[in-house]
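Data block below; observations after.
The values are calculated or read from the model by the stated rules, or taken from the named source; none is laboratory data. This structure is a prediction, so every number in the text was calculated from the model and none was measured. Cβ placement follows ideal geometry from the backbone for every residue including glycine, while neighbour counts extend to all protein chains displayed. What goes into the accessible areas is simple: the full protein's heavy atoms, side chains included, and nothing from ligands, DNA or RNA. Shrake-Rupley method; radii C 1.70, N 1.55, O 1.52, S 1.80 Å.
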Amino acid sequence: MTDMAQGTGLATVDHHTSDAAMRRLKRRYAAERRFKYYGIGAICIGLGMLAILLISIGGRAIPALTQNYLALQIEIPPEPLVASSDHNYMPFVENELMTLFPEAVGDFQAQQQITSLIPFGAANVIGEILVLDHTVLGDRVEAQLPLVDPAQAFLNGETDRLTPEADRGLTDEQIDALERLRDEGLIVQQDGQFVLDITVEVPVYEVINQTNFQSLANQALYRLFPDVEGRARSGLRAIISPGAGFELRRLILDDPGVIGTTISLEVPLSDEFDQLAKGAVDRDLPEDQRRVDDAQIGYFDSLEEAGLVSSQFNTNFFSSADSRQPELAGIWGALVGSFYTLVVTLALSFPIGVGAAIYLEEFAPKNRLTDIIEVNINNLAAVPSIVFGLLGLAVFIQFFGVPRSAPLVGGMVLALMTLPTIIIASRAALKAVPPSIREAALGMGASKLQSVTHHVLPLAMPGILTGTIIGMAQALGETAPLLMVGMVAFITSTPEGLTSPATVLPVQIYIWSDAPERGFVAKTSLAIMTLLAFLICMNAVAVWLRKRFERRW
């Protein structure tokens with residue numbers, strides 16, 4: 001009886017326990033399924049947002065992949081220079097003087113003091129030479145340029161260094177320049193006065209300025225519409241980009257033999273008509289609500305019907321630097337600036353960051369000082385990036401005198417910002433190496449340094465490289481710290497070195513996003529897609545390096 005009761009009791013307890021366990025098991029499975037669905041939903045929402053971002057930006061970027069051109073037959077006269085005595089040839093003399101005083105290059109005040117030794121208008125003698133002989137274009141001409149009266153008085157001995165500066169009219173720097181020119185035999189006496197005997201290079205592309213080149217392209221356009229005259233021509237010449245003169249000048253520089261001939265040249269359309277060719281202009285809008293009038297649309301339609309308008313892949317976007325004209329602007333200068341900046345960033349942050357991580361993780365004693373250092377490193381990783389820009393402005397530029405708006409100072413600022421990321425990632429990678437590796441190396445007679453460099457560091461290198469590339473990718477996308485060190489400047493040339501004025505791709509995007517021209521909208525989107533492509537490539541390299549160098553134990 002007792003056994004039966006006990007058996008029944010046990011069965012009852014087991015039955016109730018089994019029902020409760022099943023209910024708990026069902027709730028646990030349901031919670032796991034919900035958690036799984038939540039995760040899948042979060043991933044789908046994230047991918048959806050990413051797709052919306054890429055589609056919206058990519059859709060706006062597509063028009064920037066093409067550029068419309070107008071084919072023109074341009075007549076280049078055999079003597080493109082119309083020289084006159086009132087032409088400003090002083091820049092040629094200034095360029096030659098800077099070759100004699102290379103230390104003054106980049107110092108505006110020093111340049112001004114040297115060039116002010118020659119009176120205004122004295123360089124017009126070069127124009128008089130060119131009027132008589134056009135064959136000296138692209139060559140060097142010899143000219144005797146008079147000096148200013150205070151310089152004449154000094155060279156005549158009427159004043160000297162002991163004369164008060166207000167009386168002699170020359171600064172000490174100008175006297176040094178005069179004596180240097182006299183010692184080199186470049187100052188001679190002619191007709192009772194001292195002159196600067198100098199040979200000056202007169203390049204063709206400097207004598208013919210942009211306006212002359214642009215007028216040649218405009219004349220070719222006028223010949224296509226001989227009935228359009230007077231003020232109506234202003235609407236006609238608005239069809240081609242103001243940068244057509246640059247294209248023509250580049251062609252003449254590459255092949256001077258085209259002077260005196262008629263050439264075929266495809267010049268870019270201006271921004272308004274490029275938008276018209278791409279269908280971005282609503283022709284049904286009233287005339288006062290669009291930037292092109294009905295007459296201009298008629299001119300453009302005639303050119304299209306004649307087959308003179310063509311759409312081509314916009315290689316200029318990837319091969320040119322920035323420009324005020326959206327049809328001429330490109331990202332090559334910003335890409336080169338980003339490359340130089342990242343080279344400086346990597347060269348400074350990687351060895352310092354990895355070295356600091358190795359010391360703190362493997363060699364530093366555990367005391368209050370190292371605890372403070374670790375806390376500060378973790379805090380620096382959360383400091384806003386613009387603070388590093390302010391630090392670079394105050395220390396690197398104002399105190400050490402590093403050139404402003406240069407990849408050197410930009411890379412130094414980004415290196416400071418990237419250091420905490422590299423140190424934290426490197427320490428985590430070193431900590432992930434099993435202690436048995438260190439103990440085995442030490443047990444075989446290796447020193448502490450040998451065990452770290454020969455065994456621990458190679459095993460931790462995949463994680464270190466991954467953290468470094470992620471830090472570099474973060475640096476590539478930074479804008480705020482670079483704005484503080486002047487890399488927001490409008491740069492129309494490709495930087496030639498670490499100290500040349502430059503900008504970077506994120507700053508280029510920032511500048512374009514604020515531009516009023518409609519053509520910069522598409523170019524901004526295409527530049528964003530280019531930046532995203534670089535970031536994806538850098539992260540893909542990080543994954544590949546981890547797979548390539550990863551070792552299992």
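Numbers below:
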| quantity | calculated |
| --- | --- |
| Matching residues, the range 514-533, being at pLDDT below 85 and surrounded by fewer than 22 Cβ atoms within 10 Å (Cβ to Cβ) | Asp514, Ala515, Pro516, Glu517, Arg518 |
| Residue check, Glu179 out of contact with any strand residue (DSSP E or B) (no Cβ under 8 Å at 6 or more places or on another chain) and at pLDDT 85 or above | yes |
| Lone unmet requirement of (1) aliphatic (A, V, I, L, M); (2) more than 16 Å from Glu247 (Cβ to Cβ); (3) open to solvent by 10 Å² or more (accessible area, probe 1.4 Å) for Ile331 | (3) |
| Matching residues, the range 534-550, being open to solvent by 50 Å² or more (accessible area, probe 1.4 Å) and either aromatic (Phe, Trp, Tyr) or in a helix (DSSP H, G or I) (or both) | Phe534, Ile536, Cys537, Asn539, Ala540, Val541, Val543, Trp544, Arg546, Lys547, Arg548, Phe549 |
| Evaluation of Thr479 against (1) in contact (Cβ under 8 Å) with a residue 40 or more places away in the chain; (2) in contact with a Pro (Cβ under 7 Å, 6 or more places away or on another chain) (one fails), failing number | (1) |
| Residue check for Ser264: modelled with pLDDT of 80 or more and in contact with a Ser or Thr (Cβ under 6 Å, 6 or more places away or on another chain) | no |
| Of the criteria (1) under 30 Å from Phe273 (Cβ atoms); (2) open to solvent by 70 Å² or more (accessible area, probe 1.4 Å); (3) under 13 Å from the mean Cα position of the chain (by Cα), which one Pro501 fails | (1) |
| Pairs, first free of Cβ contacts under 8 Å to residues at least 60 places away in the same chain in the range 382-403, second aliphatic (A, V, I, L, M) and surrounded by 15 or more Cβ atoms within 10 Å (Cβ to Cβ), C-beta under 8 Å, six or more apart | Leu391/Val413; Leu391/Leu416; Val402/Leu408; Val402/Val409; Val402/Met412 |
| Subset tally (residues that are part of a helix (DSSP H, G or I), open to solvent by 50 Å² or more (accessible area, probe 1.4 Å) and closer than 19 Å to Phe246 by Cβ) for the range 257-292 | 1 |
| Residue check for Ile470: within 30 Å of Ile397 (Cα to Cα) and assigned to a helix (DSSP H, G or I) | yes |
| Exclusive hit being open to solvent by less than 60 Å² (accessible area, probe 1.4 Å), modelled with pLDDT of 85 or more and either among the hydroxyl-bearing types (Ser, Thr, Tyr) or in a helix (DSSP H, G or I) (or both), set Ala51, Ala71, Ala42, Ala20 | Ala51 |
| Subset of the range 306-316 (residues that are out of contact with any helix residue (DSSP H, G or I) (no Cβ under 6 Å at 6 or more places or on another chain) and open to solvent by less than 70 Å² (accessible area, probe 1.4 Å)) | Ala306, Gly307, Leu308, Ser310, Gln312, Asn316 |
| Which numbered condition Ile352 misses (of (1) open to solvent by 50 Å² or more (accessible area, probe 1.4 Å); (2) free of Cβ contacts under 8 Å to residues at least 60 places away in the same chain) | (2) |
| Residue identified as under 38 Å from the mean Cα position of the chain (by Cα) and open to solvent by 20 Å² or more (accessible area, probe 1.4 Å) among Leu483, Leu449 | Leu483 |
| Cβ-Cβ under 6 Å pairs, at least 6 apart or on other chains, the range 490-501 side more than 17 Å from Gly401 (Cα to Cα) and at pLDDT below 80, far side open to solvent by less than 70 Å² (accessible area, probe 1.4 Å) and not in a loop (DSSP other than H, G, I, E, B) | Ile491/Gly333 |
| Answer from Leu393, Leu346, Leu303 - the residue that is open to solvent by 40 Å² or more (accessible area, probe 1.4 Å) and of a type in the set (A, V, I, L, M, F, W, C) | Leu346 |
| Matching residues in the range 230-256 - criterion: being part of a loop (DSSP other than H, G, I, E, B) and either under 19 Å from Ser215 (Cα atoms) or touching a strand residue (DSSP E or B) at 6+ places or on another chain (Cβ under 6 Å) (or both) | Gly230, Arg231, Ala238, Ile239, Ser241, Pro242, Gly243 |
| Any pair with Cβ under 6 angstrom, 6 or more apart, that starts in the range 99-126 at a residue that is on the phi < 0 side of the Ramachandran plot and touching a residue at least 12 places away in the same chain (Cβ under 8 Å) and ends at one that is in a helix (DSSP H, G or I) and open to solvent by 40 Å² or more (accessible area, probe 1.4 Å) | Gln113/Glu173; Thr115/Glu94 |
| Unmet criterion (only one of (1) more than 26 Å from Gln450 (Cα to Cα); (2) of a type in the set (Gly, Ala, Ser); (3) surrounded by 19 or more Cβ atoms within 10 Å (Cβ to Cβ); (4) touching a residue at least 24 places away in the same chain (Cβ under 8 Å)) for Ser323 | (3) |
